[in-house]
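The values are calculated or read from the model by the stated rules, or taken from the named source; none is laboratory data. Since the structure is predicted, the reported quantities are computational estimates derived from the model, not experimental observations. Neighbour counts are summed over all protein chains in view; Cβ atoms, including those assigned to glycine, are modelled from backbone coordinates with ideal geometry.
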Amino acid sequence: MWDWVIWGALIVAFGAGVAALVLLVRRTRAAYRDFNRTHSTVVREIDLLSDRAEATADRAAATAGDTSELQASLERLRLSLAQLAVLTEALDEVDRMVARAVAVLPRK
């Protein structure tokens, strides 16, 4: 007598599960696309910043002369550039790790 209620509840539960799975897949894909977009923007901006900093260091070194304050600033700039290089390498390493993890995701 109550079989139709049980079957109806099972059908509704199955439909809700499928809808939740579809929503999860869509949100995951959107998050992945946003991550890729943000990552490429960050990498491009870091490369641009690094190029500008190196050009500034070269220009400052060319016009420096014997100014001790400028030499100290150049040393700090070179230290910052070295730190930027380390951070860029770390970001590249994370990029490679994410690329390996993404390689197993299904594509269209």
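Residue 91 - would you say it is within 30 Å of residue 107 (Cβ to Cβ), touching a His at 6+ places or on another chain (Cβ under 9 Å) and not charged (D, E, K, R)? Yes, satisfied. Please state which one of 80, 50, 73 is at pLDDT below 85, in a helix (DSSP H, G or I), of a type in the set (Ser, Thr, Tyr) and over 16 Å from the mean Cα position of the chain (by Cα). Only one candidate passes the filter, namely 73.
Sub-8 Å Cβ pairs linking a first residue in region 70-96 that is closer than 16 Å to residue 45 by Cβ and in contact (Cβ under 8 Å) with a residue 24 or more places away in the chain to a second residue that is among the acidic types (Asp, Glu) and surrounded by 11 or more Cβ atoms within 10 Å (Cβ to Cβ), at least 6 apart or interchain, are 81/54; 88/47, ordered by first then second residue.
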